[in-house]
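Trainee: Take a look at the following structure, please.
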There are 2 protein chains.
Amino acid sequence: MFENYFSQRIKNTPSSFIREILKVTQKPEIISFAGGLPNPISFPQEELKISMNRIADNFGAKIYQYSTTMGLDSLRQFIVDRYKRIWGMDITVDNVIITTGSQQALDLIGKVFINDGDKVLVEKPSYLGLLQAFCMYRADFVQSKLNDDGLDIEDLKNNIKTYKPKLAYLIPNFQNPTGLTYTAENRKKVFEVIKDENLILIQDDPYGELRFEDGERIPYIGLNESEKNIYLGSFSKIVTPGMRLGYIIANKEIIKMIETAKQASDLHSNIFGQYLISDYLHNNDLDKHIEKIKKLYKSQASAMVGAMEEYFPKTVKFTHPKGGMFTWVTIQEGKSVTDLFDKAIAKKVAFVPGHPFYVNPQNVNTLRLNYTNADEETIKIGIQRLAQALTEV
Amino acid sequence: MFENYFSQRIKNTPSSFIREILKVTQKPEIISFAGGLPNPISFPQEELKISMNRIADNFGAKIYQYSTTMGLDSLRQFIVDRYKRIWGMDITVDNVIITTGSQQALDLIGKVFINDGDKVLVEKPSYLGLLQAFCMYRADFVQSKLNDDGLDIEDLKNNIKTYKPKLAYLIPNFQNPTGLTYTAENRKKVFEVIKDENLILIQDDPYGELRFEDGERIPYIGLNESEKNIYLGSFSKIVTPGMRLGYIIANKEIIKMIETAKQASDLHSNIFGQYLISDYLHNNDLDKHIEKIKKLYKSQASAMVGAMEEYFPKTVKFTHPKGGMFTWVTIQEGKSVTDLFDKAIAKKVAFVPGHPFYVNPQNVNTLRLNYTNADEETIKIGIQRLAQALTEV
């Protein structure tokens, strides 16, 4: 009835494939590797309860009143201090704006930068939430191949040369959906290719803190060498996603424009949540809390990879994540992952078929598995079921 | 440095005049009628503290986990029940989506309906947050005159005929910025004019519950007579704005599109806040709480109107609000409200000049005063200062 009223942008947005899938996979008898939820162990519930009572006592009406678009100073200062300490960034609170989750960061960046048809370079496959967000601003996507060590440099060079993208969106650490991490060497090569281009580079990093193997953090692409770098971060995977709190770090001129866009989008993010997270962070040891999450995810990832090695047909490939929440499975070319999905559901195990992570999904033979929301025994049973489905396609 | 990267939409968005003003007006020696903050008395702090502990005990990890884009069922059900009871609306939770404040409702509606250059009819003057939000989607605004009893019907007819707007955005109760309320008769006339047009009517109603004079609620325009009506509501003025929780009530087909737009915008609104407000609403008497707010605002409004009657030059006109948070002042034509602003600041009193409420501000001789955030004595002193400034221009 309203077809003629809706905007072109909304009509062109892919229907949420994943939400449809999640409906099927929510039946209790199904073992689901389809979601992307952090394990509830990552929520420091007791400490947050102490913090909420403390902010109610200490700040009174302020935690309930309208607040500034940029976000709470003490929370922004925490971010500044952390990024200075870890990455040596030369930033102040003026380089940081709080967003309603990282998803809003993507929406605001789309609003601030994208004109109809502007070219945006993304990984192949890429985070579906980014594709949805930028689709609303009618971006024209260019997908660059991912290899085990990061972006395919030749493909990247060709894309840059051919399409002259205005923005690039990359997830260098424990990428969603593949679980891959760019090597230090690959990052240097990527920066060599892009540094003299008129290109804004967005590095989204919700999982970077969750490295459970292979030691140290790897510096961002062009870290401290480019004013055209935008960094996204989030408290969703290390404290709580329910508060919807993320942030953008960028040049002040960019942050000022994003502030204007945010004012028009939601005035400001939930200020109670900002006081709560800030109080939690200033009164607890975040790194110690993260260790607990990493220990759990390491054993879950290892259970999944171990089971895949044991039960999957040898023609099936999969990534070995060193952090984050996902692994990415590639079945034989020519086989249909949609058929596999139907067979898997019949065997009571679910995953996300690769389609929504591609701009133009064709002959998709990939799928995403999440390991953070099932115990090791359940993971093993689920992978056995999936292995049976795999032998049938 | 980034001028060439920014989108046309953000470059065309008016810089936030009001934020610049608020910087000047935040000095402690200034009596400010410029803001739009609810009085902290409207936050039921003790009850919210009880609720936050209760939801932490009752729901555990759920209050911190990712949640659905549509919003918490129990909160949506509360809204359904209330609108059924008060307005006899025939709706279910499928007609209601929770938004990150009403500001996000405006952003999402813009996303879902507006193509570049689509005509949108708004009041003259209109809410500046709407102008900003829709400006991002490059709406072409048509402003329709407001009289003391509501929209000027002849002007409305002409605008509808000439511009064929796709959307209309109205605030029928205690409008921001004017404080005016459409009479029941005016609402009927407005509906007669628009009902057979291809026009979606958005009625934003953040202040409707705050009627402190003249008895009963007046039904919405076309209430229960049009599938093309969209209703906006908010908990900001009756419980807390800091949680950023508002909602949209509309036809299911529209809500479904808004859900897609919201998923791309912030996945979902803060779920902790939704549990908190829902628990508060289900365990307390909202209407009794609202009575307390109305009593306070009535005395504050009456102090302001009384002082304006006593001290303002007779050439100055102003509205007599029967609810809400604002009054609207019109000085003699030809006088500059910008000059007045400078003189007022010199006398240590602040207001918002009318400019940001117009699409094409020219020779502006109007200004907005807020009365909810100062006590009666302070209001009287502030109005005396403003009266002195008025005699000088």
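The values are calculated or read from the model by the stated rules, or taken from the named source; none is laboratory data. In this text the structure is predicted, and so the values were computed from the model without any measurement. All Cβ positions, even for glycine, are placed from backbone atoms using ideal geometry, and neighbour counts span all protein chains on display.
Trainee: Identify all residues within the range B:46-62 that are more than 10 Å from every other protein chain (Cβ to nearest Cβ) and of a type in the set (Lys, Arg); write none if there are none.
Mentor: Answer for the range B:46-62, where residues must be more than 10 Å from every other protein chain (Cβ to nearest Cβ) and of a type in the set (Lys, Arg): just B:54.
Trainee: Conditions first: (1) in contact with a His (Cβ under 6 Å, 6 or more places away or on another chain); (2) in a strand (DSSP E or B). Residue B:361 passes all but one, so which condition is the exception?
Mentor: (2)
Trainee: Pick from the range B:334-349 the residues that are of a type in the set (D, E, K, R) and in a loop (DSSP other than H, G, I, E, B): which of them is nearest to residue B:315 (Cα to Cα)? Give the steps one after another, and end with the answer.
Mentor: Here is the first cut: in the range B:334-349, the residues of a type in the set (D, E, K, R) are B:335, B:339, B:342-343, B:347-348.
Filter again for in a loop (DSSP other than H, G, I, E, B), leaving B:335, B:347-348.
Values: B:335: 11, B:347: 21, B:348: 23 Å.
Applying the filter and picking the extreme gives B:335.
Trainee: Still on this structure, I have one more. Please determine whether any residue of the range B:166-188 is part of a loop (DSSP other than H, G, I, E, B), at positive phi and among the basic types (Lys, Arg). Reasoning before the result, please.
Mentor: We begin by selecting, within the range B:166-188, every residue part of a loop (DSSP other than H, G, I, E, B); these are B:166, B:171-183.
Restricting the remaining residues to those that are at positive phi gives B:174, B:179.
Those left that are additionally among the basic types (Lys, Arg): none.
The answer is no, given that none of the residues of the range B:166-188 is part of a loop (DSSP other than H, G, I, E, B), at positive phi and among the basic types (Lys, Arg).
Trainee: Out of A:124, A:157, A:161, which single residue is among the charged types (D, E, K, R), out of contact with any Asp or Glu (no Cβ under 7 Å at 6 or more places or on another chain) and in contact (Cβ under 8 Å) with a residue 60 or more places away in the chain?
Mentor: None of the other options fit; the residue is A:124.
Trainee: Any residue in the range B:189-204 that is of a type in the set (Phe, Trp, Tyr) sitting within a Cβ distance under 7 Å of a residue that is crowded, with 23+ Cβ neighbours inside 10 Å? List the pairs, counting only those 6 or more apart or interchain.
Mentor: B:191/B:221
Trainee: Out of all the residues in the range B:332-352, which are in contact with a Pro (Cβ under 9 Å, 6 or more places away or on another chain) and within 19 Å of residue B:180 (Cβ to Cβ)?
Mentor: Hits for the range B:332-352 are B:337, B:352.
Trainee: Is at least one residue of the range B:282-301 touching a Lys or Arg at 6+ places or on another chain (Cβ under 6 Å), under 29 Å from residue B:209 (Cβ atoms) and in contact (Cβ under 8 Å) with a residue 40 or more places away in the chain?
Mentor: Within the range B:282-301, the subset touching a Lys or Arg at 6+ places or on another chain (Cβ under 6 Å) is none.
No, the conditions are met nowhere in the range B:282-301.
Trainee: Quick check on residue A:356: is it surrounded by 23 or more Cβ atoms within 10 Å (Cβ to Cβ), at pLDDT below 95 and not assigned by TED's automatic domain parsing to the domain that holds residue A:236?
Mentor: Working: surrounded by 23 or more Cβ atoms within 10 Å (Cβ to Cβ): yes; at pLDDT below 95: yes; not assigned by TED's automatic domain parsing to the domain that holds residue A:236: yes.
Yes, satisfied.
Trainee: Let me ask another. What single numbered condition from (1) farther than 30 Å from residue A:3 by Cα; (2) within 11 Å of chain A (Cβ to nearest Cβ); (3) without any contact (Cβ under 8 Å) to a residue 60 or more places away in the chain fails to hold for residue B:85?
Mentor: Residue B:85 satisfies every listed condition except (2).
Trainee: Restricting to the range B:366-381, count the residues that are assigned to a loop (DSSP other than H, G, I, E, B) and either outside the structural domain of residue B:323 (by TED's automatic domain parsing) or surrounded by 18 or more Cβ atoms within 10 Å (Cβ to Cβ) (or both). Spell out the reasoning first.
Mentor: We begin by selecting, within the range B:366-381, every residue assigned to a loop (DSSP other than H, G, I, E, B); these are B:371-375.
After this cut, where a residue has to be either outside the structural domain of residue B:323 (by TED's automatic domain parsing) or surrounded by 18 or more Cβ atoms within 10 Å (Cβ to Cβ) (or both) as well, the list is B:371-374.
Looking only at that region, the number is 4.
Trainee: So, one more: Please go through the range B:32-45 and pick out each residue that is modelled with pLDDT under 95 and at the interface with chain A (Cβ under 7 Å from one of its Cβ atoms).
Mentor: Those that are modelled with pLDDT under 95 and at the interface with chain A (Cβ under 7 Å from one of its Cβ atoms): B:37, B:40.
Trainee: Could I ask something else about it? Criterion first (touching a strand residue (DSSP E or B) at 6+ places or on another chain (Cβ under 8 Å) and over 30 Å from residue B:242 (Cα atoms)) does residue A:307 satisfy it? If you could, list the steps in order and put the result at the bottom.
Mentor: On the way: touching a strand residue (DSSP E or B) at 6+ places or on another chain (Cβ under 8 Å): no; over 30 Å from residue B:242 (Cα atoms): yes.
Spelling it out, it is not the case that residue A:307 is touching a strand residue (DSSP E or B) at 6+ places or on another chain (Cβ under 8 Å) and over 30 Å from residue B:242 (Cα atoms).
Trainee: Which count do you get for residues in the range A:109-130 that are of a type outside the set (Val, Ile, Thr), within 9 Å of chain B (Cβ to nearest Cβ) and surrounded by 24 or more Cβ atoms within 10 Å (Cβ to Cβ)? First the steps, then the outcome.
Mentor: Let us first name the residues in the range A:109-130 that are of a type outside the set (Val, Ile, Thr), namely A:110-111, A:113, A:115-119, A:121, A:123-130.
Subset that is within 9 Å of chain B (Cβ to nearest Cβ): A:110-111, A:113, A:115-116, A:118, A:129.
Going one step further and asking which of them are surrounded by 24 or more Cβ atoms within 10 Å (Cβ to Cβ), we end up with A:110-111, A:113.
Summing the residues that are of a type outside the set (Val, Ile, Thr), within 9 Å of chain B (Cβ to nearest Cβ) and surrounded by 24 or more Cβ atoms within 10 Å (Cβ to Cβ) in the range A:109-130 gives 3.
Trainee: Please go through the range B:337-356 and give me each residue that is more than 28 Å from residue B:43 (Cα to Cα) and either within 18 Å of the chain's Cα centre (by Cα) or of a type in the set (Val, Ile, Thr) (or both), ordered by number. Before the answer, list the steps.
Mentor: Here is the first cut: in the range B:337-356, the ones more than 28 Å from residue B:43 (Cα to Cα) are B:337-348, B:353-356.
Matches in the range B:337-356: B:337, B:338, B:345, B:353, B:354, B:355, B:356.
Trainee: Regarding residue B:256, is this residue in contact with a Pro (Cβ under 6 Å, 6 or more places away or on another chain), within 14 Å of another protein chain (Cβ to nearest Cβ) and farther than 22 Å from residue B:160 by Cβ?
Mentor: For residue B:256, the condition - in contact with a Pro (Cβ under 6 Å, 6 or more places away or on another chain), within 14 Å of another protein chain (Cβ to nearest Cβ) and farther than 22 Å from residue B:160 by Cβ - is not met.
Trainee: I'm trying to understand the selection: among the residues of the range B:210-234, which are basic (Lys, Arg) and touching a residue at least 60 places away in the same chain (Cβ under 8 Å)? Quick ask: steps written out before the conclusion?
Mentor: Of the range B:210-234, the ones basic (Lys, Arg) are B:211, B:217, B:228.
Matches in the range B:210-234: B:211, B:217.
Trainee: To continue, here is another question. Take the range A:23-51 and flag every residue that is of a type in the set (A, V, I, L, M), buried (at least 21 other Cβ atoms within 10 Å of the Cβ) and within 29 Å of residue A:288 (Cβ to Cβ).
Mentor: Matches in the range A:23-51: A:48 only.
Trainee: Given (1) in contact with a strand residue (DSSP E or B) (Cβ under 8 Å, 6 or more places away or on another chain); (2) more than 8 Å from every other protein chain (Cβ to nearest Cβ); (3) within 23 Å of residue A:272 (Cβ to Cβ), identify the lone condition not met by residue B:74.
Mentor: Failed condition: (1).
Trainee: Across the range B:138-155, what is the number of residues that are crowded, with 17+ Cβ neighbours inside 10 Å and assigned to a strand (DSSP E or B)?
Mentor: Matching residues across the range B:138-155 total 7.
Trainee: Please enumerate the residues belonging to the range B:67-94 that are closer than 21 Å to residue B:263 by Cβ, more than 23 Å from the chain's Cα centre (by Cα) and among the charged types (D, E, K, R).
Mentor: Hits for the range B:67-94 are B:73, B:94.
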